[in-house]
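In what follows, a single structure is set out as structure tokens and then discussed.
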């Protein structure tokens, strides 16, 4: 019965080409957005589910309770993996890995290039994480020192072949023997890597290992035996703590717990300290929500157009009923047509997604590599078919029900087909469309404003003309003093300093004992600190409020550490005289602080962490060993000459390591990648939403003018001008827009507020922006109505009398 | 075939009662050709709708082929309509998206007749209405007269006992109108009962009896005298 209707449905669509084109393309836009959202969600929600036994693999997180603070870290100490495996019979295998944060310079016979995403792992790695070895053997792969396992694409890039086991690849420091080639890791892996380097074998006994438990450096993973609950491991941890951690815990009055996090949960719950960057659920839901709204907008458009058309089909339906069709027959006829439209739209949507992901820079804009690989993605095939049929049924239902209610008596009437009865639902739908698009536009605008706000905000330091040179390999680390001195001698460099990390990207955290104002007792606090070199404040243009900055002499003084604190620290400790206050850190097994320091200066607050975080108390220490990011303030007028000069100086000292630099301003922006991507996504979706809404409004305007053709003809004959007619129609649609706007504005304000909560520093929500958006919406609405009414009025002047018949 | 006794139909809108038909009495015999005439709004079309089992009435008795219409369910009425009644309209009411052949076949489709049988009958009808050469045309590619011929073809494809025609020549020029009236008259000659609403005395002259309506009541009924040539 349904199949017999198909050819007629095809014919009907073919004969109404414009109608079909508008409908199919409108729905296709909605479906294409839904498919992209589905691909995106699929990638996000299947993070690390590709691992065999992923439901038994957990990452061990460390919870430190020190002083009043609880710090949760995504990593643990070096010894955790082997000690946990020894202690727990329930753990099948444990391993750990370490991400090398910088890119590494690899050389093969044919290629020399920087490679990111390299990890160091122990020999147990492949017992926990099963990877498909294309060459080599998982049992021996990382058992020898200085061996390396490459991913397929890495191997092909450097060697052009996979048959490379036993060959060597070198960095500027070492040569690594290739022990295997594995399949590429899917990009939706929280601990993504392209190559694994074996960890140096340092034999240690368990007491050595247990000392490392109080540090954080490695990501530890355990694979539990079948049927073991992670809560069991956590509950049994007290015994482990007593055996390995108790002595030092007593000394620092601290406590330590572990938390086993399922590997498939890492991506969205990566808010621990020392974690890899992860996804944010709120963004994912936001994206999904907007995708859904766009789909709804597209469905509403189709309902509107199909309803308008169905009104022209009243007589057809009535005649069919006279000839013996029942309501079901009519409903099926309309539904088959709308499902067909939807399936055609799906085909077009596939093409659109293909264009968006393969030709347009959609993937790079959102930082993903989505692709519509239907043959390898049966879920998506089912999803898209199901969605298309559902959309077809949903959008055809209302016109189908309406037409089925037509009385056969209408076949006798001479009505032209358009009636005002179905008008209200259409107005409601269009009001909804207007409100969604206005809300999306306002929200998107404020998101954009916030990103601009972040880009231009006063960070408390000056990132302009600051060039960063990271020192990574041992040969350059040994020459770091010579390098900084050489840079300082350059005529184009105004100032040079060292920092432990890229300024503004984050700080370290540790336990301190801090002298209190007027009390002899020290207070234990977990505080942020940052190791920097002399001239740091000068290079970064951070104001010194009190005391003095570090100088070279401070480095020589080994008895007492010199410290600078920020204003937030002074406020936090309620110091009246901050200069000279003592701060101790570096605790030994007995809990005695090993390093004693004294405050020599107070600096202004600056954004040492991301703008998501509030300004926190901060201690600057002077340290040459850990501060390996050279900050150079260069001559504003001669940037390129300066860079050339720096590179020349670098090459003369460490010729074997290629010169690499970055601009601090750009690095800072990269920290807001997620937000920048979001605002781009929002921008794209906003454009789509606006297009669909305008289509919807055009439909309503044409419907309204169509309904009033006769009235317009009468008024025309009686001498009404074109503007009178425009105003007549617009008055009727004005309140549709106004109601839409009334719903949209509060919604947009709530959404914007909620989104801005993610930031410590926020832009204001200005009413003027909202007013402007509303005015523009009204102008667009008026424009569309004017265009339509003019057309109708012109047509009418020719056919007026005919219309009056 | 049709027996109507004291039949009334009342429309109520916003408290105002309009008697569209007022105690009508009418008999139509099998094989008869009856014209219903009268000014606009006198109730002609309402009467035709009731005769076609498309509309209900409020009072009186309507017996169609010995069945009290009041006692029939909607389903039974639909079945009678499908099998026994053909309709011809002033504005043709062809379905724009269907071809000539498909428009004609539509009633058979709703009767559940097999595709092969439909094809065969459609061929016969196309032949009878001389539209075989236009079978794959769409209605908007035809002249008004051709469209009405197709509509008549559609009305007769089920071999109905009764044809109801609502001003069948109203939208046609005189030559085309003549053609249609001759078709209806020919059908009547072969035994089909025809009831036709018309404004045109010329068209009415093809029938055997003319019923005149005024303000919902029958004001006259007279036999048409056909010249014996």
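Readers should treat all values here as calculations from the given coordinates under stated rules, not as data from a laboratory. Keep in mind it's a predicted model, so treat the numbers as computed, not measured. Quick reminder, even Gly has a Cβ in these numbers, built from the backbone with ideal geometry, and neighbours come from all protein chains shown.
D for the stretch A:1-63, whole µm²/s, Stokes-Einstein with Kirkwood Rh over alpha-carbon pairs at 20 °C and 1.002 mPa s: what number? Translational diffusion coefficient: 132 µm²/s. As an equivalent ellipsoid, the stretch A:675-752 spans semi-axes of 36, 14, 9 angstrom, where each value is the square root of five times an eigenvalue of the C-alpha gyration tensor, largest first. FRET efficiency for the pair residue A:232 and residue A:577, taken as 1/(1 + (r/R0)^6) with r the Cβ-Cβ distance and R0 = 41 Å, rounds to 0.15. In summary, the convex hull built on the alpha carbon positions of the stretch A:313-367 has an orientation-averaged projected area of 5.4 nm².
Shielding by partners for peptide B:53-59, expressed as the average number of C-beta atoms from other protein chains within 10 Å of each residue's C-beta, is 2. Across chain A, Cα-Cα pairs more than 38 Å apart make up 56 percent of the total.
Between residue B:223 and residue A:641, the distance separating the two model label sites (each 7 Å from Cα on the Cα→Cβ line) works out to 12.4 nm. The stretch A:107-142 and the stretch B:13-84 have their alpha-carbon centroids 89 Å apart. The alpha carbon centroids of the stretch A:1-79 and the stretch A:462-514 are separated by 42 Å.
Structure remark: mean-square fluctuation, Gaussian network model of chain B, C-alpha springs under 10 Å; the largest value among B:102, B:167, B:120 belongs to B:120. Each of A:603, B:42 has some number of other Cβ atoms within 10 Å of its Cβ, and from fewest to most they run B:42, A:603.
Normalised by the number of residues in the stretch A:144-203, the mean separation of alpha-carbon contacts (under 8 Å, six or more apart) gives a relative contact order of 47 percent. Could you work out the relative contact order of chain A? I mean the mean sequence separation of Cα pairs under 8 Å and 6+ apart, divided by the number of residues, in percent. Value for chain A: 15 percent. Assuming a ≥ b ≥ c are the square roots of the Cα gyration tensor eigenvalues, decide whether the stretch A:269-415 counts as rounded (a/c under 1.5), prolate (otherwise, with a/b larger than b/c) or oblate. Because a/c hits 1.5 or more and a/b exceeds b/c, the stretch A:269-415 counts as prolate. Relative to the dominant Cα principal axis of chain A, helix A:673-707 is inclined by about 10°. As an equivalent ellipsoid, the stretch A:632-769 spans semi-axes of 60, 20, 14 angstrom, where each value is the square root of five times an eigenvalue of the C-alpha gyration tensor, largest first. Placing a label point 7 Å from the Cα of residue A:255 along the Cα-to-Cβ direction, the residues of the stretch A:59-74 whose backbone N falls under 15 Å from that point are A:63-72. If one takes the longest principal axis of the Cα atoms in chain A, at what angle in degrees, from 0 to 90 and to the nearest 10, does the Cα axis of helix A:639-653 lie? The angle comes out at about 40 degrees.
Please compute the Kirkwood hydrodynamic radius of the stretch B:77-229 from all pairs of different C-alpha atoms, in Å with one decimal. This gives a value of 16.2 Å. With Cα atoms as the point set, the stretch B:108-175 shows a radius of gyration and Dmax of 12.8, 38 Å.
How high is the relative contact order of the stretch A:31-143, in percent, with contacts defined as C-alpha pairs under 8 Å that are six or more residues apart? Relative contact order comes out at 17 percent. Across the stretch A:127-199, Cα-Cα pairs farther apart than 17 Å form 37% of the total. Centre-to-centre separation between the Cα atoms of the stretch A:642-686 and those of the stretch A:746-770: 30 Å. By the Stokes-Einstein formula, at 1.306 mPa s and 10 °C, the stretch B:17-56 with its Kirkwood radius over alpha-carbon pairs has D equal to 138 µm²/s.
Of all DSSP-defined beta bridges confined to the stretch A:122-217, some 65% are antiparallel rather than parallel. Using the Cβ-Cβ distance between residue A:45 and residue A:541 with R0 = 45 Å, the FRET efficiency computed as 1/(1 + (r/R0)^6) comes to roughly 0.50. In the stretch A:519-603, the inverse of the mean reciprocal separation of distinct Cα atoms equals 13.9 Å; this is its Kirkwood hydrodynamic radius. Out of the DSSP beta bridges found with both residues in the protein assembly as shown, what percent are antiparallel (nearest 5)? The answer is about 70 percent antiparallel. At q = 0.14, 0.15, 0.18 Å⁻¹, work out log10 I(q)/I(0) for the stretch A:202-310 with the Debye formula, treating every Cα as an identical point scatterer and leaving solvent out; two decimals please. Cα-only, vacuum Debye calculation for the stretch A:202-310: -0.80, -0.87, -1.08.
Relative to the first principal axis of the alpha-carbon coordinates of chain A, what is the inclination of helix A:480-489, with its axis defined by its Cα atoms, in degrees from 0 to 90 and to the nearest 10? That helix lies at roughly 70 degrees to the long axis. Pairs of alpha carbons in the stretch A:45-151 separated by more than 17 Å make up 67% of all such pairs. What would the Debye formula give as log10 I(q)/I(0) at q = 0.08 Å⁻¹ for the alpha-carbon point model of the stretch B:1-146, no solvent? Log10 I(q)/I(0), no solvent term: -0.31.
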